[in-house]
1. Quick one: would you say Ala22 is modelled with pLDDT of 95 or more and either touching a Leu at 6+ places or on another chain (Cβ under 8 Å) or open to solvent by 40 Å² or more (accessible area, probe 1.4 Å) (or both)?
2. Within segment 73-80, is there a residue that is out of contact with any Gly (no Cβ under 9 Å at 6 or more places or on another chain), open to solvent by 50 Å² or more (accessible area, probe 1.4 Å) and farther than 17 Å from Thr127 by Cβ?
3. Of the residues Ile54, Ile32, which single one is more than 29 Å from Asp135 (Cα to Cα) and touching a Lys or Arg at 6+ places or on another chain (Cβ under 8 Å)?
4. What residue, among those in segment 1-18 that are over 14 Å from the mean Cα position of the chain (by Cα) and in contact (Cβ under 8 Å) with a residue 60 or more places away in the chain, is least open to solvent (accessible area, probe 1.4 Å)?
5. Conditions: (1) among the β-branched types (Val, Ile, Thr); (2) surrounded by 15 or more Cβ atoms within 10 Å (Cβ to Cβ); (3) closer than 19 Å to Ile11 by Cα. Ile93 meets all but one. Number of the miss?
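The values are calculated or read from the model by the stated rules, or taken from the named source; none is laboratory data. Owing to the predicted nature of the structure, the values given are computational and were not obtained by experimental measurement. So basically every Cβ, Gly included, is an ideal-geometry build from the backbone, and we count neighbours across all protein chains shown. The area values use the complete protein model at the heavy-atom level, side chains included, leaving out ligands, DNA and RNA. Shrake-Rupley method; radii C 1.70, N 1.55, O 1.52, S 1.80 Å.
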Amino acid sequence: SKDSMAKAAEIVKENTAHNGQAGFGICTVSLIDEEGFPTASIMSPSKSDGINWITFGTMLDQNRAKRVANCNRASVCLGTAEYGINLVGEMEIITSDDVKQEMWYDGLSYHFTGPDDPNYCVLKFRTKRYKLFIDNEDVEGTL
C-alpha cells in the first residue's frame, strides 16, 4: 500500500546520517563474495531517497567495494520487532568528488581524512524489488 511505502521511506530516512537529527541507525548490507556466497555486514546509511536508493560510505581498498566491483547484486535490510524492510537491487561504486562531498558525514572521519580521501568511496544501492512488513501488513513489489 502507499501508506506502507511512505512509512518505509520515512524509516529509511530516519536511519541515515543525513536525517537532520543527532543520531542515525544501521542496516544489514548483503553482497556476493569472491566464492559466490552471500556475505552480510552492518553499515550506516549516509543518505536515501525513500526506498529508491540508499548510499553508504566505505573504503575503496576493502572487501565491500571489491565485492561490488565483482558482482553488483545486493540486498539491504532494516528491521526491528515492529517493522521489516527488505530491499533487493544493485550497488555501484562512486568516486566522484561531488558525490563524496554530498554523502560525507562526521562519523566517516573515524576512517578517512575527509571527503577528498582517495580511499573513501560511496556505494549507491538502487532498489529493484522490495518486501515490507509495516503495521502488521506485508507489501511487496518492484520499482
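1. no
2. Scanning segment 73-80, I find at least one residue that is out of contact with any Gly (no Cβ under 9 Å at 6 or more places or on another chain), open to solvent by 50 Å² or more (accessible area, probe 1.4 Å) and farther than 17 Å from Thr127 by Cβ, so the answer is yes.
3. On the way: Ile54 fails: more than 29 Å from Asp135 (Cα to Cα).
Answer to the selection: Ile32.
4. Ser4
5. (3)
Listed here are the residues, each with its yes/no results for (1) open to solvent by less than 10 Å² (accessible area, probe 1.4 Å); (2) more than 27 Å from Val88 (Cβ to Cβ); (3) basic (Lys, Arg); (4) within 14 Å of the chain's Cα centre (by Cα).
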position: Asp106; (1), (2), (3), (4): no, yes, no, no
position: Tyr110; (1), (2), (3), (4): no, yes, no, no
position: Asp117; (1), (2), (3), (4): no, yes, no, no
position: Cys121; (1), (2), (3), (4): yes, no, no, yes
position: Lys124; (1), (2), (3), (4): no, no, yes, yes
position: Thr127; (1), (2), (3), (4): no, no, no, yes
position: Leu132; (1), (2), (3), (4): yes, no, no, no
position: Val139; (1), (2), (3), (4): no, no, no, no
